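Accompanying notes for the structure given below.
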Amino acid sequence: MIVLILGGTTEGRLLASACVQLPGVVTISSLAGRTNDPLIPAGDLRIGGFGGVSGLTRYLGAQKIDAVVDATHTFARQMTEHAVEACAASGVPLLILRRPGWTEQPGDTWHRVPSLPAAAVLLPELGKRIFLTTGRQEIGAFAGLDDLWFLARSVEPPAPPMPRRLSVLLDRGPFTVEGEQALLTAHRIDVLVTKDSGGPAAKLTAARALSLPVVLVDRPAPPPVPLVPSVEAAVTWLRTLMTHAPAGDGSSAGGDGQRADPADLGLG
């Protein structure tokens, strides 16, 4: 069975490592190519875009992909939409792997917003020194807030437009609670802005300890396809597909040449 993992996340790398241990499974991890020094997953690798829905559809057919696992970032909305359309057109089973979102804890002061522009509107009411951990691609949402000072952390430098008063910290996690508290204190941060990407959240624990408000951008609603919260659950899904593949055929196609419907497997 040939599995395409749409990766770029810790879960994507862990899934690739798990899949190479499965007999009869070949994995191809696809990275968008937006980071110059990405962490390389196990198995085969491709880097770069597919060329939209039509390009991804052609790729699925040309590579004889039997299953796709979308393990992209929670906020990679366009890639997920393309995967849904291309897999539906190709009859290829699709699974979305998403880590659970964050849950507010006692002592938290969270302000949930639907988007980064909505976060920018709210910020002047909350503070003057802002810590942005929203990634580098949409930092332009905060351009024009000239009365505020920003510290933005990202793996690579952001591109314009950017806030006028901006300091950039190039760093890659994992981060510790102690380190995050020291960073927030040293820069006199009074508001944290982040996306609800889930996973380890030392910055949220540090903000709670320092009684700092957090502006949290809600994650987009997932499409109506099978979704699991863990690598282990994704491996189980793949094993189930393999179990339902016809004898002597490494694909997930049914006996009439049509691919098995995940809903028929109890996975819909």
Inset, instruction - For region 110-217, calculate the relative contact order in percent as a whole number, restricting contacts to Cα pairs under 8 Å that are 6 or more residues apart. - result: 33 percent
Legend entry - DSSP beta bridge pairing in the chain, given as percent antiparallel to the nearest 5: 0 percent
Inset, instruction - Take every Cα pair under 8 Å in region 3-47 that's 6+ residues apart, average their separations, divide by the length, and report that relative contact order as a whole percent. - result: 42 percent
Legend entry - Phi to ³J(HN,Hα) by Karplus 6.51 cos²θ - 1.76 cosθ + 1.60 over region 42-49, Hz, x for Gly, Pro: 6, x, 6, 9, 10, 10, x, x
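Please report the relative contact order for the chain, taking Cα pairs under 8 Å with a sequence separation of at least 6, and give it as a percent rounded to a whole number. Walk me through the numbers on the way to the answer.
Values: 501 pairs, mean separation 53.4, N = 268.
Contact order relative to length: 20 percent.
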Legend entry - Within the chain: Cβ-based charge dipole about Cα centre, in debye rounded to nearest 20 (Lys, Arg +1; Asp, Glu -1): 560 debye
Inset, instruction - Just order 97-110, 133-146 by mean Cβ neighbour count inside 10 Å, highest at the front, would you? - result: 133-146, 97-110
Inset, instruction - Determine the calculated [θ] at 222 nm for the chain from helices alone, applying -39500 (n - 2.57) to every DSSP H run no shorter than 4 residues and normalising by the residue count; nearest 500 deg cm²/dmol. - result: -8000 deg cm²/dmol
Legend entry - Rg to Rh, two decimals, where region 93-163 supplies the alpha carbon set and Rh follows Kirkwood: 1.04
Inset, instruction - Can you check what the net charge comes to around G198, using other residues whose Cβ is under 11 Å from the Cβ of G198 (Lys, Arg +1; Asp, Glu -1)? - result: +2
Legend entry - For percent of Cα pairs over 23 Å apart, calculated from these coordinates, the label among (1) 56; (2) 47; (3) 52: (1)
Inset, instruction - Just add up the charged neighbours of L14: K/R +1, D/E -1, any other residue whose Cβ is under 13 Å from the Cβ of L14. - result: 0
Legend entry - region 101-230, dipole about Cα centre (Lys/Arg Cβ +1, Asp/Glu Cβ -1), debye to the nearest 20: 180 debye
Legend entry - Amide H partners (placed H, <5 Å) of K128, local residues excluded: D190
Inset, instruction - Excluding R58 itself, calculate the net charge of residues whose Cβ lies under 14 Å from the Cβ of R58, where each Lys or Arg counts +1 and each Asp or Glu counts -1. - result: +1
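Every number here is computed from the coordinates shown, using simple stated rules; none is lab data. Owing to the predicted nature of the structure, the values given are computational and were not obtained by experimental measurement. Virtual Cβ from ideal backbone geometry, glycine too; neighbours counted across all protein chains shown.
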